[in-house]
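Data block below; observations after.
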Amino acid sequence: MNTWKRRAHTMSPVRPGSVGRWALMAIVSLGLIGASVAAHARPPLLMPGKKTLYQKVLTRPGAILSPTPGSSKGTRLGAFSPYFVYERVKFGPDAWLLVGPGIDGKTTGYLPESGTAPWEHAIVLAFTPRTSRDRVLFFRDRAAIEGLMNEADAPGKVAELRSQITAVPAAGTPKDHPVIAIEPETAVDFKKKFYLLPALKAEEILTKRGPAVRIVQAASVTVDSAPATVAKPSTATPKPAAKPPANVGIANFNSAVVFVIDATASMQPYIERTRKAMQTVLAEIEKAKLGDRISFGLVAFQDDPAKTKGMEYLAKVFADPAKVKGRQGFTKAIEALKATQSSTRAFAEDAYAGIDIALEKIEWAKFGGRYIVFITDASAREGGSVLATTGLTTEAMRLRADEKQVAIYSMHLRTPAGKSDHRKAERQFKQLSAWPGIDALYFPIQAGDPAKFEEGVLGMAKSLVDQVKSPARLIKQALAQPAPASPVAKPPPKPDPAAEAKARLDAVGRAMVLAYLGRVKGEKAPPFYVAWTSDRDIADPIRATLSVRVLLTKDQLSDMYEVVRRTIEAGEAGQISSTALFEQLRSAAVALSRDPSKIGKGKAKNLAEAGLMGEYLEGLPYRSVLASMPLDDWTNLGVAKSEKILESLRAKLALYKRFHADVDAWVKLNPDGGEGDKVYPVPIDSLP
């Protein structure tokens with residue numbers, strides 16, 4: 001039975017800390033609702049009390065799929081393969097389940113219920129980038145990890161355990177060893193080698209050493225894993241697979257650096273300085289014969305030419321790093337870039353149009369290091385602005401960059417002309433350039449000094465070239481050196497700006513090199529069955545180790561899009577009158593096949609109780625303003641506050657469109673499932 005509760009240690013309770021954006025917000029989610037089942041198809045069994053969510057199970061190690069109930073013959077399945085349940089029959093002492101890989105009515109055989117585990121949740125626990133944290137340990141039982149969380153000398157004991165588990169003999173770890181698996185040395189690309197860490201149990205606890213943490217009982221699943229050969233994982237630890245050297249493929253590590261430059265009227269001096277700095281860098285690359293290892297791209301943005309006189313384009317790719325190679329190609333592209341002579345419609349620019357086209361049009365998958373260098377002297381138009389074209393807020397744009405595994409390096413020219421805009425722009429760009437484990441990749445140029453700007457571009461580009469020239473240095477730092485001390489401890493003296501910039505870029509570079517090696521080696525999640533772990537680094541609970549993504553089918557994503565879209569319409573109507581609000585909500589309920597009688601008659605206090613949100617969003621551990629806000633409060637918010645909420649929702653709609661179009665990210669949990677069974681790992685932060 002899935003367990004969720006909160007328990008504090010009475011001896012020394014502490015106040016829960018804030019949960020970082022890469023943290024595991026919670027290990028609970030939703031059941032997969034399939035695409036609409038054809039009228040002639042037999043649907044799986046519904047979950048108790050649900051109208052749209054189907055029963056699913058995960059196979060235990062050694063499970064055999066048989067043609068008839070009670071048979072001992074059949075196909076041995078891989079550990080924790082997901083199946084839908086179509087029928088439950090009693091045969092002898094056990095119940096047997098008729099199962100199928102999808103919801104299309106096609107069944108493949110029977111499983112003994114004792115050979116499965118019910119899976120009421122569908123989430124992906126993804127490892128966070130290894131910028132400044134240690135590898136995640138997986139424990140045999142809960143007591144071991146919980147006790148360690150409260151140890152005063154946890155860092156030392158964790159280091160000892162990590163050393164033991166990374167130097168195990170060929171036969172594997174002893175059966176009484178508390179740790180049964182460890183995160184791979186290099187990163188697991190969950191999109192290329194899709195894996196699941198289904199949460200069977202989870203509990204949030206307060207410890208003596210820091211913020212609230214969640215300990216999780218998770219099961220490891222790799223889609224293309226071989227069938228299980230061990231029937232009783234509780235009595236044997238899987239033998240660690242032989243691993244290739246950590247530097248396999250490192251000589252081919254490459255990077256793409258795409259400049260996204262503001263090409264509005266005030267920016268010509270900085271375009272010239274960028275050109276000058278890059279000539280120096282490109283000459284060094286050519287001399288070192290690194291032209292095939294690091295590529296530069298160029299994107300510029302102005303304003304909508306259909307609405308602003310004198311604009312040549314809204315956003316334009318001048319150089320694609322996957323296509324433009326060498327010094328000559330980039331030089332030609334940047335020489336073609338000229339700032340417009342005309343004024344745009346506001347001081348804030350449509351900057352996110354430039355970043356958006358860079359994220360969507362560049363073939364980032366071809367590169368190990370992935371960087372955008374964003375250069376502007378003005379704040380960006382948020383998605384809710386009538387002058388913005390992307391519909392994306394800063395947070396939504398950052399989430400999109402995360403999806404592409406692209407780091408955004410923001411160079412903010414704090415010119416005297418933009419003095420009143422500086423604070424807003426700084427707040428935006430720090431959020432846009434956030435990266436786990438380090439300060440944001442935000443670098444202000446005081447007074448917009450062109451010389452300082454050129455120096456910054458030169459230093460940044462040389463640091464990225466050095467990463468490509470000597471990636472082994474970053475690997476050595478990531479794998480051999482201990483993680484730096486927690487920022488909660490006494491902070492070190494602040495270095496000079498150039499050293500600080502290089503240190504941050506190197507930290508991101510370490511994470512990118514590890515991710516690249518993971519893709520090259522085809523790294524998979526640890527080959528264990530069931531184990532306990534935490535969403536926080538045990539040695540340093542400030543650091544997040546896991547992030548959570550909710551698996552949604554296309555039908556669910558489409559339904560969620562419609563829920564949000566129609567709620568926006570209702571919210572806009574509510575700015576006028578409560579009567580219009582409720583009329584719109586009732587109309588939305590009818591269109592979404594929900595019960596309209598719950599709305600406006602005192603039966604439902606909010607959208608969640610009204611059933612508008614859909615069963616697949618029920619019980620999620622995130623704070624949904626949309627779902628929980630009392631309906632009567634909508635008309636009492638005032639236009640300014642309600643508009644802020646609506647702006648956030650509009651940005652989420654723009655994100656959902658991009659998720660839907662991201663063909664490569666849709667996966668089948670069971671290879672034998674149909675196209676309608678594909679799911680997308682939606683970041684929980686992007687839910688409404």
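The values are calculated or read from the model by the stated rules, or taken from the named source; none is laboratory data. As the structure is a computational prediction, the values presented were derived from the model and not from experiment. Positions of Cβ are backbone-derived with ideal geometry, glycine not excepted, and every protein chain shown enters the neighbour counts. Ligands, DNA and RNA are stripped out before the accessible areas are found, and what is left, the full protein with its side chains, is counted by its heavy atoms. Shrake-Rupley method; radii C 1.70, N 1.55, O 1.52, S 1.80 Å.
With every protein chain kept in place and ligands, DNA and RNA left out, what is the accessible area per residue of segment 325-378? Probe 1.4 Å, answer in Å². Present the calculation step by step, with values, prior to reporting the outcome.
Working: 2080 Å² over 54 residues.
Value returned for segment 325-378: 38 Å² of accessible area per residue.
Quick check on packing: order 93-103, 653-663 by the mean number of other C-beta atoms within 10 Å, highest mean leading. Don't jump to the answer; show the numbers that get you there.
Numbers: 93-103: 20.5, 653-663: 16.5.
Output ranking for 93-103, 653-663: 93-103, 653-663.
Hey, which aspartates and glutamates would be in cross-link range of Lys332, C-alpha to C-alpha under 13 Å, not counting anything within fewer than 8 residues on its own chain?
Qualifying aspartates and glutamates at Cα under 13 Å: Asp320.
Stretched out fully, how many nm does the piece from Ser577 to Ala498 gain, at 0.36 nm a residue minus the Cα gap?
Details: separation 79, 0.36 × 79 = 28.44 nm, distance 5.54 nm.
Stretched fully, the Ser577-Ala498 segment lengthens by 22.9 nm.
Say the cut-off is 32 Å between C-alpha atoms; which of Lys106/Lys366; Lys430/Lys668; Lys157/Lys469; Lys157/Lys652; Lys51/Lys657; Lys307/Lys502 go over it? Spell out each step's value before the answer.
Working: Lys106/Lys366 38 Å; Lys430/Lys668 36 Å; Lys157/Lys469 36 Å; Lys157/Lys652 43 Å; Lys51/Lys657 26 Å; Lys307/Lys502 41 Å.
Among Lys106/Lys366; Lys430/Lys668; Lys157/Lys469; Lys157/Lys652; Lys51/Lys657; Lys307/Lys502, the Cα-Cα distance tops 32 Å for Lys106/Lys366; Lys430/Lys668; Lys157/Lys469; Lys157/Lys652; Lys307/Lys502.
Let's test the formula: R0 of 25 Å, r as the Cβ-Cβ distance of Ala144 and Thr166. What FRET efficiency results, to the nearest 0.05?
0.90
Could you let me know the centre-to-centre spacing of segment 629-660 and segment 295-348, using Cα atoms, in angstrom?
33
May I ask you to list the residues of segment 412-437 whose amide nitrogen lies under 20 Å from a point 7 Å from Cα along the Cα→beta-carbon direction of Ser343?
Residues passing the 20 Å test: 415-422.
If the chain between Lys289 and Glu272 were fully stretched, how many nm would it gain, using 0.36 nm times the residue separation less the Cα-Cα distance? List each step's numbers first, then the result.
Working: separation 17, 0.36 × 17 = 6.12 nm, distance 2.55 nm.
Here the segment from Lys289 to Glu272 would lengthen by 3.6 nm.
Using r as the Cβ-Cβ distance of Lys424 and Asp555, and R0 as 56 Å, what FRET efficiency do you calculate, to the nearest 0.05? The partial results should precede the final answer.
Values: r = 39 Å, r/R0 = 0.70.
With a Förster radius of 56 Å, E is 0.90.
Need one number: the % of Cα-Cα pairs in segment 254-366 sitting beyond the 22 Å mark.
Values: 2092 of 6328 pairs.
I get 33 percent for the Cα pairs in segment 254-366 exceeding 22 Å.
Work out the FRET efficiency for Asn636 and Lys106 from their Cβ-Cβ distance, taking R0 = 45 Å, and round it to the nearest 0.05. List each step's numbers first, then the result.
Values: r = 52 Å, r/R0 = 1.15.
In this case the efficiency is close to 0.30.
Starting from the Cα of Lys56, draw a straight line to each of the aspartates and glutamates and keep only those under 13 Å, dropping any in the same chain fewer than 8 residues away.
Hits, sequence-local ones excluded: Glu87, Glu113, Glu120, Asp677.
List the aspartates and glutamates whose Cα lies under 13 Å from the Cα of Lys424, skipping any in the same chain that are fewer than 8 positions away.
Those aspartates and glutamates meeting the cut-off are Glu349, Asp377, Glu382.
Report, in whole Å, the centroid distance computed from the Cα atoms of segment 384-430 and segment 549-575.
Comparing the Cα centres of segment 384-430 and segment 549-575, I get a distance of 25 Å.
Please state, as a whole number in µm²/s, the translational diffusion coefficient that the Stokes-Einstein equation yields for segment 318-426 at 10 °C and 1.306 mPa s, with Rh defined as the Kirkwood radius across alpha carbon pairs.
Numbers: Rh = 15.4 Å.
In µm²/s, the coefficient is 103.
Give me the net charge of Glu363's neighbourhood, meaning all other residues with Cβ under 12 Å from the Cβ of Glu363; Lys, Arg count +1, Asp, Glu -1.
Details: positive: Lys323, Lys361, Lys366, Arg370, Lys404; negative: Asp320, Glu360, Asp664.
Summing Lys and Arg as +1 and Asp and Glu as -1 gives +2.
What does the convex hull of the alpha-carbon atoms of segment 113-164 project to on average, in nm²?
Values: hull surface 23.8 nm².
Hull-based average projected area comes out at 5.9 nm².
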